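Asker: Structure provided below as structure tokens; questions to follow.
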Amino acid sequence: MVKEQDKDTAKRRENQGKAECPVPASKIGHTTAYRYCSERLSPFGGLLGLVKFMELIRFQEIFEGLYNPPSRTPEMGHHKMVYGFIMLLFIGFNRVWYFLYIQTDSMLCSIFQVVKLPFVTTYWRYVDSLGINQGKSLLMVMSALRERVWHVCEIGYETIHIDDSVE
């Protein structure tokens with residue numbers, strides 16, 4: 001059943017913004033300045049730079065030396081599973097389910113040397129298999145990575161002052 005609405009009771013929509021735009025939108029034309037960029041840029045904001053950085057600090061060597069793997073062994077290996085999580089966070093995705101969106105990305109597949117990344121459920125099962133031992137070993141990996149980065153960047157602290165007067 002359709003009811004007719006009175007014309008008098010209908011709400012009128014009003015424009016809440018200014019009618020005029022104070023600054024015209026900039027347009028690209030024949031007078032727009034341009035120049036060439038010699039760098040190779042990735043669509044994920046420097047993902048290849050992250051890969052090179054991980055190679056520089058020898059992430060795989062540190063990871064395999066300090067990580068205590070869970071009993072469940074994934075087909076890709078423990079290193080590539082954790083490396084996949086790091087890539088996901090670096091891209092800007094903060095949920096495991098977002099692997100669905102990048103599963104067939106050519107850049108990521110070439111980094112992991114696969115045709116297609118594993119299904120999201122594979123990553124979930126891996127996360128589910130992690131326990132307190134893996135948490136402790138990941139903390140050791142992070143500590144070793146910090147030391148390696150400080151060494152590569154030639155950062156050394158002689159002394160560290162702790163101010164305990166803050167309430």
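Since every read-out is calculated from the coordinates, none of them should be taken as a lab result. This structure is a prediction, so every number in the text was calculated from the model and none was measured. Don't worry about glycine lacking a Cβ; one is built from the backbone with ideal geometry, like all the others, and counts go over all protein chains shown.
Asker: Only Lys, Arg, Asp and Glu count, each charged at its Cβ (+1, +1, -1, -1), so figure out the dipole size of the stretch 41-167 about its Cα centre, rounded to 20 debye.
Answerer: 680 debye
Asker: Right, next: Sum up the charges of everything whose Cβ sits under 15 Å from the Cβ of P69, counting Lys and Arg as +1 and Asp and Glu as -1, but leave P69 out.
Answerer: Local net charge: +1.
Asker: Have a look at G65, S137, V82 and report the one farthest towards the positive end of the charge dipole of the stretch 54-167, computed about the Cα centre with Cβ charges (Lys/Arg +1, Asp/Glu -1).
Answerer: About the Cα centre, the residue reaching furthest to the positive side is V82.
Asker: Which residues among the stretch 74-113 fall inside the zone where the amide N is under 16 Å from a point 7 Å beyond the Cα of F53, along Cα→Cβ?
Answerer: 83-93
Asker: Right, something else. First check a/c for the stretch 108-163, with a ≥ b ≥ c the square roots of the eigenvalues of its C-alpha gyration tensor; if it is under 1.5, answer rounded, and if not, answer prolate when a/b is larger than b/c or oblate otherwise.
Answerer: Oblate, since a/c reaches 1.5 and b/c is not below a/b.
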